[in-house]
Each structure stands twice: as structure tokens, then as C-alpha cells.
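First comes the structure, then the notes that go with it.
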Amino acid sequence: MFRSSLLFSALLSLASLQLIGGAASIDPFIKCETRVIKGVSSRICSTASQFTPSPVTNPDGSSGYDGPTGFIFRFWKGLAPNTNVLNLSEEETDKHLLVDVSVEWEDGVCQVAIGDTQCNTCKLCSENKDATKTRLKADCSNVPGGRRVSQCETASVFFPFKTTKRLGASGRD
């Protein structure tokens, strides 16, 4: 499983155990919207989570924060809207998870992963801490059917494929 999936899983575990002082906003219910890519209209379904650093006490006694601030958007195939992904088994997650897009603002890091394969590059075009306004470009041409995105696109709806063929005509396999 790839890094952002592990980060997402860790956030879910820590948030459920209330062990983190930072905020983890996780919406586990699949939301779907219709997108047109190269003239073909398809349903794209996703979930989102946002996280902030935890408060810490530094060795000198001062207060501070530790950990990243960012978000993870996960794109799914073959699941109905409003499916709660927290109820999926590991096998179901592996079967239905199509793409992870993650951004950590402090480090200026973004990643796009398709299955276990990281895209060649991912670069932030803006570091707006509003996840719906953060923009990125990525080269996913190393993934079968992947595209090179040279114009900045909004991360919350970023879809790294040339077509929606991998989703089937209705957005479902």
C-alpha cells in the first residue's frame, strides 16, 4: 500500500482513538460528480480528509506544533454514492481505490499515487490552505493511461488519466 494510504489509515486510527491533539477532518462518505474529460461525461467519486499538526511542548518549555498540515483526496471506482469507506475491508479498499492525491503544505509536498505506483512528479502551483483552492500539476505518464498535466488543476478534482475509460461508462467498473 502506498504512503498516502498509510497516512490516511493512520489518521483514521489516531482520530478514532483520540490520541492526536491536531485536527483530522475525515469525511468517509463517497461523493460523486459528473466530469467531462476529452468529451466523455463520467461520474467521478471521491472522499476527502484534512489534517493539522498536534500541539507539543518543546524541550525549553515553550509550546509549538508538530506534524504536517494538508489533505488527502481519494478517488474510488465501483462504489455507490454515500458508501462509508470506513466499513470497507482491506481487500475491498484495494479493489475500489483508484487514486490518492495528497498534499502537505509545510513541506510543499504533493503526491499522486495510482495503486502502488507514484506518478513521476507532482508540483504545487499554489499553497492555499483551503483544500478546494489548492492547485497542482503532475506527470502520471508512467502509469498506463496516465496523463502529463502541465496546466495547474484544482487538487480536489484532479484526475490523472487521459480518459475515464478505467471507470467504465457510468463511473463504475
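The values are calculated or read from the model by the stated rules, or taken from the named source; none is laboratory data. Every value quoted in this text rests on a predicted model; they were computed, and no experiment measured them. Ideal geometry is used to build each Cβ from the backbone, glycine not excepted, and the neighbour counts take in all protein chains shown. All accessible areas refer to the heavy atoms of the entire protein, side chains included, with ligands and DNA or RNA removed. Shrake-Rupley method; radii C 1.70, N 1.55, O 1.52, S 1.80 Å.
Between SER141 and ALA80, the FRET efficiency from the beta-carbon distance, with R0 = 30 Å, is close to 0.45. The simple spin-label model puts a point 7 Å past each Cα toward its Cβ; for THR154 and SER126 those points are separated by 1.0 nm.
Only lysine pairs 8 or more places apart, or on different chains, with alpha-carbon atoms under 27 angstrom apart are counted in the stretch 36-149, and they number 13. With the whole protein complex present, LYS123 retains an accessible surface near 120 Å², based on a 1.4 Å probe. For GLU33, the accessible area of its heavy atoms, probed at 1.4 Å with every protein chain present, is near 90 square angstrom. Computed with a 1.4 Å probe over protein heavy atoms only, the accessible surface of the stretch 28-99 comes to 53 Å² per residue.
Return the carbon/sulfur percentage of the accessible area of the stretch 28-131, one whole number, probe 1.4 Å, all protein chains in place.
Details: 2500 of 5300 Å².
Carbon with sulfur: 47 percent of the solvent-accessible area.
Considering only PHE51, HIS96, TYR65, the residue lying farthest towards the positive end of the dipole of the stretch 23-111 is HIS96, judged by Cα position with unit charges set on Cβ.
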